[in-house]
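Structure, as structure tokens:
Read-outs: derived from the displayed coordinates by stated rules, not from any lab. Every value quoted in this text rests on a predicted model; they were computed, and no experiment measured them. Every residue, glycine among them, receives a Cβ derived from its backbone with ideal geometry; neighbour counts consider all protein chains shown.
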Amino acid sequence: MNCPERVNSCRSAEGKRSNPVRKSILIVHMELDDVDTITVLGAGTMGHGIAEVAALAGYTVNLRDIKEGFVQDGYDQIEWSLNKLAEKDRLTEEEAEQALSNVTAYVDLSEAMVDSDVVIEAAPEDFDIKQDVYEELSEVAPDDTIFTSNTSSISITDLSEVTDRPEQFCGMHFFNPPVRMELVEVIRGEHTSDDTIELIEGLAEEMDKTPVRVRKDDPGFIVNSILVPLMNEASWIVELGDATIEEVDSTTKYDMGLPMGAFELSDQVGNDITLHVLQYMHDVLGDAYEPSPQLVRKVDNDELGKKTGNGFYDYEDGDGAEIPTDAISEAIRERLIALLANETGKLIQKGVAPPKDIDKAMKLGAAFPKGPAKLCDESGLDAAIETLEALYEETGAARYEVCDGLREAAEDGGFYGPTADDDEIEFEAIRVEYPTEMVGQIVLDRPQQLNTVSPAMLAEFGQAVDMLDGDDDVRAILVTGAGDRAFSAGADAMSMAGSANPIDAIELSRNGQQTWGKLEDASVPVVAGIDGFALGGGMELATCADLRIATERSEFGQPEFNLGLLPGWGGTQRLANLIGESLAKQIIFSAERYDAEQMKEWGFVNYVTDKNSFEEDAIELAADMAAGPPLAMEYTKKAMHAGRDDTEAGLETEAFAFGHLLDTEDVMEGVTKLQSDEDPEFKGK
Ligand code: NAD
């Protein structure tokens, strides 16, 4: 687009009435199907990403910022991002062009509001600025337009009250970057009508996001209400001399299994942002959220984290967040779990969200492998209360005061009650289905992300295999991908994000190897049903199945060499076990894609099938396997796997090699060149 020409371009004002007069309440009713045009206010970090997501979902998007240069920058970033998605085959060229043509840039607010059904405001996080935005908006918006705000912390109720339509107002909180992050918190303000909240939840789903309802307008909503106090407590622990940063981060990451250390996370988010949300919670909710002096000092010294090159870790002159795997402390774990339990209890007690929604939000929005309610239930709520009481007695600090929500949950036997078992787990990144008798199906369920493997997907996949393998009624497992583009296009870049140092990368590799390995270890036969891409980690997953059925159009490949990496989720061992070393080397060394017929010829794919009958054929194959003799199946698998050479030793070498490689200049070169689309020049360093 040539933005300067189209910014301020005149569009007909016919069709919608504008509303120059302030009214106290507007009662208009709009259905999801009526939504066609979305106006995004602010083309910055979040605004341009949200506009891209809406355009990809087929909406007409009016992107508005206060200066031509700002809105042009946002537009250019959308174009860049869509081109990247097309280059990576996540979209066709036509889809990318179509999405871009859905976006028009504006500076004039009234023009941006013509025909607008929903506004998503992503202006700076400052009440006064947002107040001005909404006052102006109320003057020019059509009566039936619904207003939403992407604010991370400002009260939705307060914002709604500066508009002429508090009932038609709610929070629509996307996570950064909106194109990749699945979660949208949909926040009900005090005046929000049911119709509004339901419509916006539906809209989030239309945008291929997963909405989680925040039932009460509470500072921090769900995700930040858990994460920010966790980071604050980590900082208090160090401030009080009870542990070092390394010990706290080692415990959070390698013992509690969170995707990052608490300090590593604060550096990533920006210590100023963490402090800002915390101060707001402190102002509204009281002393339990008193910021740690250490955090305040960091912000005062402009040590804001990665973005300033320095924070709790030194990213400029030091090695960044190098977290030792062996500095785990049981006392720190107990303290942080107790804190999580208390904050989870408070959200439940205040009616902000029930446990399953809290867990869902934390898994999707903060990449927790398990939600805090589940995590705390597993480690015991009585123990959490004991820890908090002891800390309160020792320090008198308000943040250790046990809330009623936690006490009640402990009396009930847990946040999920005494009877919760794995069958009641709500999976987010996968689905478990039972398509026919004796067959349990795991569907990789991130279709918009080509079913790439996130940390939550990995954790849930492991749980699902354990669950199905332990179910006497299941005699075969079928694994497929949702949507019509991919089985799985590999590891999600997010799961690599926290793995920049060798120790983390070794752990990441082992985790993937072991999770996929559960399919080999399962006592029942496993069928992979592949339609579309099976690349990288996705192909390594398919390799662990006992049989593979694929549509003609499917494409297979191990593209890791393009990044200077190696297949780190079992690919260097298990592929050779299956099709022989020579072909495995060809696939890995060439980093090319191979079609289903070729892979059948090489013995990787067992059956090639037509797209139209694929689902039926895959289920039938799994049902055939399920009808076989269970014990003979189990022992045959065991015997065949035991007869292999020493795969375990090979896997260990693979994990260490992966860890070593991630730290090399070659990987940096591969990743940089992938982004710029030039061929990498590897130097062997
Ligand atoms: P940003 O500073 O990158 O972008 C804000 C944009 O709004 C700027 O381009 C600015 O010029 C524009 N703007 C200012 N006044 C405006 C007006 N009157 N009308 C239209 N545009 C206007 O900020 P951001 O990081 O994108 O944050 C935007 C909102 O999203 C904030 O409320 C923030 O809390 C929230 N949020 C941010 C993140 C994140 O990680 N950055 C995540 C979730 C939510």
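Okay, here's what the table says:
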quantity	calculated
Highest to lowest packing among 319-332, 216-229, scored as the average C-beta count within 10 Å	216-229, 319-332
Inter-part distance where the range 541-585 and the range 32-66 are each reduced to a Cα centre, Å	39 Å
Listed residues P525, A204, L275: farthest to the positive end of the dipole of the chain (Cβ charges)	P525
Rounded if a/c under 1.5, otherwise prolate or oblate - the range 23-143, Cα gyration tensor axes	oblate
Peptide ranges 284-290, 172-178, 143-149 listed from the most packed, as the mean C-beta count within 10 angstrom indicates	143-149, 172-178, 284-290
Of P219, T609, G413, farthest towards positive along the dipole that unit charges on Lys, Arg, Asp, Glu beta carbons give the chain	T609
Label-point separation in nm, N176 to D208, each point 7 Å along Cα→Cβ	2.3 nm
Distance violations [Cα-Cα > 22 Å] among K216/K363; K307/K356; K346/K374	K307/K356
Cβ-Cβ FRET estimate between T653 and L631, R0 fixed at 25 Å, reported to 0.05	0.15
Distance in nm between pseudo-label sites at K685 and H660 (7 Å out along the Cβ direction from Cα)	1.8 nm
Sequence of L203, L563, L100 once ranked by neighbouring C-beta atoms within 10 Å, starting from the fewest	L100, L563, L203
Length gained when the stretch E330-N612 is fully extended (0.36 nm per residue, less Cα-Cα span)	96.1 nm
Within-15-Å neighbourhood charge of E290 [Cβ basis; K, R +1; D, E -1]	-4
Of all DSSP beta bridges in the chain, antiparallel share, percent nearest 5	25 percent
Translational diffusion coefficient (Stokes-Einstein; Kirkwood radius from C-alpha pairs) of the range 607-658 at 20 °C, 1.002 mPa s, in µm²/s	152 µm²/s
Cα-only radius of gyration and Dmax that characterise the range 251-406, units Å	16.0, 47
Lysines with Cα under 22 Å of K637, excluding same-chain neighbours fewer than 8 positions away	K518, K600
Positive-end extreme of charge dipole, the chain - chosen from I385, S110, G345 (charges on Cβ)	S110
Mean residue ellipticity (222 nm) of the chain, computed from DSSP H runs ≥ 4 via -39,500 (n - 2.57), nearest 500	-14500 deg cm²/dmol
Modelled FRET efficiency - R0 41 Å, D314 with D128, Cβ distances, 0.05 increments	0.70
Computed magnitude of the charge dipole of the range 72-218 (debye, nearest 20; Cβ of K, R +1, Cβ of D, E -1)	660 debye
Pair-distance profile P(r), taking every C-alpha pair of the range 283-338, with 10 angstrom steps and integer %	19, 31, 39, 10
Percent of C-alpha pairs per 20 Å bin, the chain, short to long	17, 48, 32, 3, 0
Net dipole in debye of the chain [+1 Lys, Arg Cβ; -1 Asp, Glu Cβ; about Cα centre; nearest 20]	620 debye
D473-D404 pseudo-label distance in nm [points 7 Å out on the Cα-to-Cβ vector]	4.0 nm
Long-range Cα-Cα pairs in the range 199-256 (distance over 14 Å), rounded percent	68 percent
Dipole magnitude of the range 521-578, debye to nearest 20 (Cβ charges: Lys/Arg +1, Asp/Glu -1, about Cα centre)	60 debye
Length-normalised contact order for the chain - Cα pairs under 8 Å, 6+ apart - percent	8 percent
Ranked by how many other beta carbons lie within 10 Å on average, peptides 354-364, 57-67, 469-479 from highest	354-364, 57-67, 469-479
